[in-house]
C-alpha cells in the first residue's frame, strides 16, 4: 500500500499507509488526522476537506473537476495552485510518497 | 470509570463517540446500534449505492478498526428496550447496563403506508437503511415499473436513480407540487422539468388511494381515478423521530426529544442529538434532518458532556444529487416572503435566494457551487446582500 504523509497546519507529520481506491479524505478520517473535517463525507458538497497536495504528484492525482474548482474558490483557507478537495482524490500506487498539507481552517 | 452510553450508531452517535475520544475522554464509551452494520453514511443509499456504484465498505463512516482502537465498545444488532433514569441504567433485552451519561441518537424512522390501503403488501419499501436497499436491489432491472410515493428529496433522488437503471418510474405527490414542504415553487419547477426531461412521470396534486395485489403489490389506484401497474413501490413521505424509548422513560418530547441549547434533555444525565432531537429555533421546536447537523450537534454534546457548557448554534445546510444536478442548500427558508433568482455562469446553473424582507434566510444553489459557497458564508455570518446584487450584481 502507498504511503502518504499528512502535514498539519501546526507542522506535525503523520505518515500513513493508504488503502488503494479510497479517497485521501477517507484516509485522513480513518487515521484521525486533525484538520480534515469532511462534513459531507465525500460528496463534494461542503469544501471542508480542502488540502494542499504535493505539486510533484499533480499528474498522478488527475485533473480537477469544474464543480470542485468552483468550491475551491471559496475555501476558508486560501486556494493555491496545489489545492484540491481531498474527497475527490483517489489513492493509487502512483501516489506513494506524496505529502498532503492541511490548511489552518476548513 | 465514567461511562457514556450512546443509543443509536448512526451519523450522530458515531460522531459523538469519536469526538469524546478526540477530546481526550478516558472513560468508557458504549455505542449501541440496532442495525448489523458499523456506522455508515446514509446519503449515498438513495444515490450511488442504490445503483451499485459504491461498494458497501465505502459506506462505512470509519474503518473496521477505528472504534476498537479508541476503546469505543461498538455493540451492533442490539436493541435497547428500556431506559430507567432513576437507576441510571438501560436494558438491552435481559442485559442491564449502567451509565453515567446517556445519549439518545436514535434518529428517525420512515413513515409507512397504512395496511388498510395496501401498505403491508410485499414489494413496498422505505429507503433509510442498508437493509432497505438490500431488499430493493433485486427488483431493479430495466423495464420494471416503480411507483415512488412522495416528491420530497428522497423520493426524487430514488426516482432519478431508478430511472438511470432503466426502471419505468412514476412519482406521485399529494401536494400541488414536488418539494412543496421544503422549497420554493422555482426550485420545484427546476426539478420537475429535470425529471420530466429524463422520462420520469411526475404526478402532482394527486393522492394514492390504494395499493392492490394478492400477495405483492401489482396496481396503484390514484385519486384522479387512474390506475398504474407496478412491480415495486418506494415510499418517501417523510420520517418521524424515534422517540419511543424517551417517551417511555418520561423525557419531554415535542417534535422529537426536547433538548436545551447544550443538548440536555429534560432528565438529568440524558442528552440527545441528531434527527431525534428537537431544539428551540425562533420560538419553536425544530428538528433538522441532515448529516452536517447530526455531526455538529453530536460533537457539541460530546464537548458538553465533558463540561464545556457551550451552546450549539446550528448552521443548517443540505445537499441533494439527482441525475447530473447537484443542489446545495444553505440556511432554513421558513418564513420567506420573496425569492430572488440569480443566474449561474454555466448553462443550467442558477440559485434561488429566500428573503424575509431584507433578511437573507436561505439559498437553493443548483449546479452552482459558487453561489452556494457565497451564500453559506453570508448566512453563517448573519449578513444579507441586497436583492438587487443577488439578481445580477457581484457578490464575491
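Listed residues B:336, B:312; which is within 20 Å of residue B:284 (Cα to Cα) and out of contact with any helix residue (DSSP H, G or I) (no Cβ under 9 Å at 6 or more places or on another chain)? Within the list B:336, B:312, the selection yields B:336.
Find the helices (runs of 4 or more DSSP H) located wholly in the range A:1-86 whose residues include 2 or more that are touching a helix residue (DSSP H, G or I) at 6+ places or on another chain (Cβ under 7 Å) and within 11 Å of chain B (Cβ to nearest Cβ), and list them.
A:66-72
A Cβ distance below 8 Å, combined with a sequence gap of six or more or placement on separate chains, defines the contacts here; from the range B:47-62, residues that are at positive phi reach no residue that is assigned to a strand (DSSP E or B). For residue B:374, the test of being within 14 Å of chain A (Cβ to nearest Cβ), outside any strand (DSSP E or B) and under 20 Å from residue A:44 (Cβ atoms) is passed. Going by the structure shown, is residue B:51 at pLDDT below 95, closer than 30 Å to residue B:306 by Cβ and either surrounded by 19 or more Cβ atoms within 10 Å (Cβ to Cβ) or more than 14 Å from chain A (Cβ to nearest Cβ) (or both)? When the stated conditions are applied, residue B:51 does not pass them.
From B:272, B:277, B:244, B:249, which residue is exposed (fewer than 15 other Cβ atoms within 10 Å of the Cβ) and at pLDDT 95 or above? None of the others qualify; the one that does is B:244. Give the residues of the range B:303-341 that are more than 14 Å from chain A (Cβ to nearest Cβ) and in a strand (DSSP E or B), sorted by residue number. Once the filter is applied, which keeps residues that are more than 14 Å from chain A (Cβ to nearest Cβ) and in a strand (DSSP E or B), the range B:303-341 yields B:331, B:338, B:339, B:340, B:341.
So how many residues does the range B:222-262 have that are over 30 Å from residue B:89 (Cα atoms) and in contact with a helix residue (DSSP H, G or I) (Cβ under 9 Å, 6 or more places away or on another chain)? Explain how you work it out, then say what you get.
Narrowing the range B:222-262 to residues over 30 Å from residue B:89 (Cα atoms): B:222-238.
Still in the running and in contact with a helix residue (DSSP H, G or I) (Cβ under 9 Å, 6 or more places away or on another chain): B:231-232, B:234-238.
Selection size over the range B:222-262: 7.
Which one is farthest from residue B:22 (Cα to Cα), of the residues in the range B:275-295 that are in contact (Cβ under 8 Å) with a residue 60 or more places away in the chain and within 14 Å of another protein chain (Cβ to nearest Cβ)? Among them, the one singled out is B:291.
The values are calculated or read from the model by the stated rules, or taken from the named source; none is laboratory data. Model, not experiment: these values are computed from the prediction. Cβ sites come from the backbone with ideal geometry, for glycine too, and all protein chains shown count toward neighbours.
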